[in-house]
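Enquirer: After the structure tokens below, expect a handful of questions from me.
The values are calculated or read from the model by the stated rules, or taken from the named source; none is laboratory data. The model shown is predicted, which means the values in this text are computed figures rather than measured ones. Neighbour counts are summed over all protein chains in view; Cβ atoms, including those assigned to glycine, are modelled from backbone coordinates with ideal geometry.
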Amino acid sequence: MRFFSDLLSFYRRHRLLINLSLCLPPMALLSLSIGSTHIGIHALIQSIAGVGDPTARMILGLLRLPRLCVGLGVGAILGMAGAVNQGYLRNPLADPSLLGTSNAAALGAVLAFYFGFSARFVFCLPLFAFIGALAGLLPLLWFVRRHNDPQSLILGGVAIAAFSGACISLALNLSPNPFAAMEIMTWLMGAITDRSWNHVLLLSVPFCLSLFLFRKTASALDALILGDDVAASLGFDLVRLRWLIMAALSIGVGGAVAVSGSIGFVGLIVPHILRPFTRQLPSELLWPSAVGGALLVTFADIFVRLLPTENELQLGVVTAFIGVPIFFRQAIKGVEAMKSL
Amino acid sequence: MTRLVAENIELKTGSHPAAITVCGDCSFKNGFLTGLIGANGAGKTTFLKALAGLKAPDRGQIILGDRSLSDFSPQQKAASIAYLPQNRRIQWPVKARDLISLGRLTYGRSLSRLDQQDRIAINHAIEVTEVSDLLDRSMASLSGGERARILLARALAVDASVLLADEPLAALDPGYAMQIMDVLLQEAGRGRIVIVALHDLTLAARYCDQLVLWNQGRIVAEGTPEDVLTEEALAGCYRIKAIKQNYEGHLLITPYARADF
């Protein structure tokens with residue numbers, strides 16, 4: 001009897017996370033099943049068991065499973081990064097791109113396209129994106145050493161994002177031919193098509209590391225509800241916290257952009273959508289945002305495959321289309337609640 | 001006996017260097033409620049932040065017990081000194097119960113893993129501040145006075161030996177203000193060092209065991225309310241003329257005009 005009451009209280013405490021996690025297996029099965037070649041649930045189970053139609057096994061093993069893993073990983077990183085960023089900056093409009101990380105990573109990738117490195121070696125593109133994210137962090141670190149507060153961090157981040165955006169536009173402007181410009185544009189819209197296990201491997205390290213670092217910020221983010229002074233008086237080292245968040249952001253978002261391009265809105269809308277289902281504590285939003293992000297990206301990826309368009313839509317476009325209406329509704333409700341504070 | 005001593009400390013505030021100097025020992029004993037009074041910008045908040053360990057003094061040192069505050073780890077400092085800032089801004093519309101529980105983050109536990117000791121401290125804070133009927137309400141739905149009591153409860157939930165409150169009565173009606181002062185007095189009676197920055201001179205005289213009067217970054221008077229709240233001091237620090245009278249053994253200060261120099 002005690003076991004069941006403990007189980008019930010555990011469920012009550014983590015209701016949101018458990019419910020979202022329960023949605024993951026059906027969503028994953030749907031993602032594996034849908035595509036230009038439909039694989040029925042029976043064939044899917046057979047293929048996972050290592051028997052059945054060899055073509056279906058090949059499609060799953062080489063295409064859909066890595067694509068699903070990349071989608072889940074990227075979504076989880078972006079969702080959690082958004083929740084941490086909003087909690088730390090105490091700004092519901094914050095998302096991972098606010099500190100310029102996404103744009104800086106995108107600039108790195110664009111440079112790889114522009115100078116033709118991406119064609120020479122398959123890992124050049126993600127590597128350049130990753131280096132871009134880290135390079136974007138350096139001026140930000142210099143900036144916040146002089147101005148130690150979240151507002152300065154946002155201003156510095158906006159400057160880096162704007163500079164990276166301008167450099168990307170310059171690259172498009174000076175692009176040697178329209179095909180190269182098209183290639184860059186397509187990549188910038190974000191996608192997880194044709195991703196291999198190498199991409200999964202490449203994402204796995206930033207995924208584990210960033211989620212681990214983000215998780216360590218949970219209690220400090222709760223303390224920041226009352227402002228910097230109270231958080232410091234409760235024993236939290238705010239300088240260490242800032243370093244932790246910036247490192248986790250550049251590793252996580254850099255890794256995500258490296259394998260999938262810029263998938264916007266996930267980090268902004270997922271915490272927004274989920275916040276009303278929590279006690280409004282930033283710490284309670286971290287893991288649900290990770291799972292919610294994974295679900296949103298996977299759902300958008302399924303949607304991309306279902307739409308009868310001539311060219312497959314880019315993932316970033318679809319996440320925005322799905323997320324914005326929900327975001328709009330939740331944001332209005334959220335703003336009402338925040339106004340009275 | 002626990003003592004909190006500011007030993008010849010000097011701090012510079014903001015970008016315009018306005019040094020705040022404490023000459024000699026400024027000492028606070030446990031079991032006493034001390035009021036910091038003085039005009040706006042006199043240095044009370046900066047001094048409280050230094051006592052809380054949030055601003056390191058440029059010179060001198062703060063001693064708690066028999067150790068310098070700079071020797072405390074952040075966690076030791078947090079468990080010893082609770083700080084209630086003047087700013088009552090809260091970022092997310094959390095429930096009052098969760099907000100009070102934030103005080104227990106000091107001990108390295110997350111809000112979902114509070115233990116028996118945490119619950120005792122939280123329940124005590126709820127009981128003394130009389131906020132049990134507000135616990136399930138969002139902070140966004142509370143009035144200024146209710147919010148002030150919840151924030152005080154959060155500071156009390158830390159269960160520290162020192163409580164520093166920066167203008168906890170700002171914008172409160174007399175009923176709420178006296179309720180807050182009652183709680184602070186009661187906590188001092190429980191053996192804590194309680195230091196509160198105030199602008200209401202009558203309440204300062206009514207509740208505080210000792211007052212420290214600040215003017216332009218310096219302590220100009222220290223002692224019992226009767227000794228500190230002299231007409232000269234009020235004229236010098238606040239530029240006011242005030243009526244001092246006794247009513248049923250309580251000192252009443254009523255400003256009635258600006259002092260001319």
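Enquirer: Can you tell which of A:L274, A:L296 is of a type outside the set (K, R), crowded, with 24+ Cβ neighbours inside 10 Å and within 18 Å of the chain's Cα centre (by Cα)?
Expert: Exactly one residue qualifies, and that residue is A:L296.
Enquirer: Taking the condition without any contact (Cβ under 8 Å) to a residue 40 or more places away in the chain and part of a helix (DSSP H, G or I), does A:F303 pass?
Expert: It is true that A:F303 is without any contact (Cβ under 8 Å) to a residue 40 or more places away in the chain and part of a helix (DSSP H, G or I).
Enquirer: Can you name the residue in segment B:140-184 that is closer than 19 Å to B:Q117 by Cα, of a type outside the set (G, A, S) and in a loop (DSSP other than H, G, I, E, B) and, of all such residues, is farthest from the other protein chains (Cβ to nearest Cβ)?
Expert: B:D159
Enquirer: Determine which member of the set A:L201, A:L213, A:L226 is surrounded by fewer than 24 Cβ atoms within 10 Å (Cβ to Cβ) and modelled with pLDDT under 95.
Expert: Every option except A:L201 fails the conditions.
Enquirer: Which pairs do you get when a residue that is at pLDDT 90 or above, found in segment B:31-42, comes within reach of a residue that is surrounded by 23 or more Cβ atoms within 10 Å (Cβ to Cβ) and part of a loop (DSSP other than H, G, I, E, B), reach meaning Cβ atoms under 8 angstrom, with the pair 6+ apart or on two chains?
Expert: Once the first residue is at pLDDT 90 or above and sits in segment B:31-42, its partners that are surrounded by 23 or more Cβ atoms within 10 Å (Cβ to Cβ) and part of a loop (DSSP other than H, G, I, E, B) give B:L33/B:C208; B:T34/B:C208; B:G35/B:L198; B:G35/B:C208; B:L36/B:L198; B:I37/B:L198.
Enquirer: Return yes or no: is B:S101 facing another protein chain (nearest Cβ under 10 Å), over 19 Å from the mean Cα position of the chain (by Cα) and free of Cβ contacts under 8 Å to residues at least 12 places away in the same chain?
Expert: So B:S101 fails the test.
Enquirer: Can you name every residue in segment B:83-98 that is within 7 Å of chain A (Cβ to nearest Cβ) and outside any helix (DSSP H, G or I)?
Expert: Once the filter is applied, which keeps residues that are within 7 Å of chain A (Cβ to nearest Cβ) and outside any helix (DSSP H, G or I), segment B:83-98 yields B:Y83, B:P85, B:N87, B:R89, B:I90, B:Q91, B:W92, B:P93, B:V94, B:K95.
Enquirer: Please indicate, with yes or no, whether at least one residue in segment B:108-126 is under 26 Å from B:L48 (Cα atoms), buried (at least 22 other Cβ atoms within 10 Å of the Cβ), within 9 Å of chain A (Cβ to nearest Cβ) and in contact with a helix residue (DSSP H, G or I) (Cβ under 6 Å, 6 or more places away or on another chain).
Expert: Checking segment B:108-126: not a single residue is under 26 Å from B:L48 (Cα atoms), buried (at least 22 other Cβ atoms within 10 Å of the Cβ), within 9 Å of chain A (Cβ to nearest Cβ) and in contact with a helix residue (DSSP H, G or I) (Cβ under 6 Å, 6 or more places away or on another chain).
Enquirer: Next question, about the same structure. Filter segment B:36-69 for residues that are in a strand (DSSP E or B) and either basic (K, R) or crowded, with 21+ Cβ neighbours inside 10 Å (or both) and give the result.
Expert: B:L36, B:I37, B:G38, B:R59, B:I62, B:L64, B:R67
Enquirer: Let me ask something else about it. Just for helices (runs of 4 or more DSSP H) wholly inside segment A:22-111: which have at least 3 residues that are within 17 Å of A:D301 (Cα to Cα)?
Expert: Once the helices (runs of 4 or more DSSP H) in segment A:22-111 are filtered for at least 3 residues that are within 17 Å of A:D301 (Cα to Cα), what remains is A:65-89.
Enquirer: Mind checking which helices (runs of 4 or more DSSP H) fall wholly inside segment A:223-299 and carry at least 3 residues that are within 10 Å of chain B (Cβ to nearest Cβ) and either within 22 Å of A:R67 (Cβ to Cβ) or free of Cβ contacts under 8 Å to residues at least 24 places away in the same chain (or both)?
Expert: A:228-233
Enquirer: Additional query: Might you let me know whether segment A:156-172 holds any residue that is crowded, with 20+ Cβ neighbours inside 10 Å, at pLDDT below 90, closer than 23 Å to A:P96 by Cα and more than 20 Å from the chain's Cα centre (by Cα)?
Expert: Scanning segment A:156-172 turns up at least one residue that is crowded, with 20+ Cβ neighbours inside 10 Å, at pLDDT below 90, closer than 23 Å to A:P96 by Cα and more than 20 Å from the chain's Cα centre (by Cα).
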